[in-house]
Each structure stands twice: as C-alpha cells, then as structure tokens.
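These notes concern the structure reproduced below.
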Amino acid sequence: MSLLAPLIAPVATVLGMPLSIGDLAGLATGLVCVWLTTRSHIANFPLGIVNCVILGLVYVELRLFSDAGLQIVFITMGLIGWRAWLRHGSDAAHLPVFRSSGREWLLLALSAALVTLLLWQLMLWAKGSAPLMDALITALSLCAQWLLNQRRRDSWLWWIAVDVVSIPLYFSRGLPLIAILYTVFLLLCIRGWFAWNRPAGATA
C-alpha cells in the first residue's frame, strides 16, 4: 500500500460524496486561505502553499499528474507573492493595494487566451472530460494569482470569473459539494472585492 493511500481513504460521506482526509484538509485550508486574503492578511500565502501541498499529494496518489504539476506552479507563485508582500510589511491594515492599468488588462486577457488555447489542446490530447473549461479555469487562476501577488484589487474579478465558470462545471459533473464550496468561494471573493476597494485601504 502506498504511503499516501490513507490521504484518499474515505472517512465521511456528504451529499452522497465520499470524503477523505485529504479532501477535508484541502477544503478547510482553501476556505481559510481565501478568507485571510479578503482580510489582506499575509498568512494567506503560507496557508495557500499548505493547501497546494495537500492537493498535490492527493493528485499524485490518484495519478492525476498534470493536476499535481499545476500545484507546483501555484506553490512557486505563492512563494513569490509571499516574498513580494513581505516587502510592504506584515501589518494587514496598512498594506497598499493597486489598480491595474488598461494595458495590463489587455496583456493579461491575451495571456489567458493563449494559455487556455494551449492547455485546451493538451487536455484534448489527454482525453480530459471537460478540456475547454478545465483549461479556462487554470488560465484564469494563474492570472488571478499573479495579480494577487502584485496586490492588485483586480485579482478578485479574476477569482470571481474562476468561480463562475467552476460552479456549473462541478454541478454538471455530479460534484454538488465541490460546487457548493466554489459558491462559498464566490461569496468570499465578492466580499474581498469590496474590502479591497475601500478608500482607506487602497491607492490608485
């Protein structure tokens, strides 16, 4: 038996879905991470890295190697973002946030389209169940994380887009619990958008 096998062994059932220790740990760390981000708290980065490590191990045990590889990308981006935020200090109440320019929006949109196209073709080759949606979610998530690392308030709009695409996808795949989780993420992201747009906490 693999050393990681206990991580995916079912320990509970919710809405007809078996949940493992890895699932529960991933859900918990993911929710707290997003909540910390809405509060502009730098601890979102180490917790987000822990979340990616947990999910990465789960994916390795399930032999979902492309998903596991993606977690390495997010861990790397999380480390970069953590370091960038540390340059502003650790006092969440006084960390500045910024607005992206029109040129940056255009470059990000083009980047997201290119990444989506490339990943779409890769997932078609790998015979994924929802190649276009999976590719789009990944591309949007990478852009959102990059913006978060730069402390851009626009990052919340990209995360909201990720959730809007993810919710119907997971419902259509018979994963209601995951869809509900992303609905909670959506509400937290909307809260984050308004919190980061408060005049006292933002600079143009």
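The values are calculated or read from the model by the stated rules, or taken from the named source; none is laboratory data. These numbers come from a predicted model, not from an experiment. A quick note on method: Cβ atoms are made from the backbone with ideal geometry, for glycine too, and the neighbour counts reach across all protein chains shown. Please note that ligands, DNA and RNA were not included when accessible areas were found on the heavy atoms of the full protein model with its side chains. Shrake-Rupley method; radii C 1.70, N 1.55, O 1.52, S 1.80 Å.
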Taking the condition within 25 Å of Arg198 (Cα to Cα), open to solvent by 20 Å² or more (accessible area, probe 1.4 Å) and either hydrophobic (A, V, I, L, M, F, W, C) or more than 14 Å from the chain's Cα centre (by Cα) (or both), does Ala25 pass?
no
Among the listed residues Leu136, Leu108, Leu142, Leu119, which satisfies the condition of being under 21 Å from Asp163 (Cα atoms) and without any contact (Cβ under 8 Å) to a residue 24 or more places away in the chain?
Leu119
Please go through the stretch 128-146 and pick out each residue that is farther than 15 Å from Gln71 by Cα and surrounded by fewer than 22 Cβ atoms within 10 Å (Cβ to Cβ).
Gly128, Ser129, Ala130, Pro131, Leu132, Met133
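Here's the yes/no breakdown for (1) surrounded by 14 or more Cβ atoms within 10 Å (Cβ to Cβ); (2) more than 23 Å from Asn44 (Cα to Cα); (3) at pLDDT below 90:
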| residue | (1), (2), (3) |
| --- | --- |
| Trp125 | no, yes, yes |
| Gln150 | yes, no, yes |
| Arg153 | yes, no, no |
| Trp158 | yes, no, no |
| Ser172 | no, yes, yes |
| Leu175 | yes, yes, yes |
| Ala179 | yes, no, yes |
| Val184 | yes, no, no |
| Gly201 | yes, no, yes |
Of those in the stretch 42-66 that are open to solvent by 60 Å² or more (accessible area, probe 1.4 Å) and within 16 Å of the chain's Cα centre (by Cα), the residue farthest from Arg87 (Cα to Cα) is Ser66
Would you list the helices (runs of 4 or more DSSP H) that sit entirely within the stretch 1-84 and hold 1 or more residues that are of a type outside the set (D, E, K, R), under 22 Å from Arg173 (Cβ atoms) and touching a residue at least 60 places away in the same chain (Cβ under 8 Å)?
21-38
Can you name the condition, by its number, that Arg103 falls short on among (1) modelled with pLDDT of 90 or more; (2) under 20 Å from the mean Cα position of the chain (by Cα); (3) of a type outside the set (A, V, I, L, M)?
(2)
Quick one: is Ser90 modelled with pLDDT of 80 or more, hydroxyl-bearing (Ser, Thr, Tyr) and under 23 Å from Asn197 (Cα atoms)?
no
Quick check on my filter: what residues within the stretch 43-68 are more than 21 Å from Ile21 (Cα to Cα) and modelled with pLDDT under 90?
Ser66
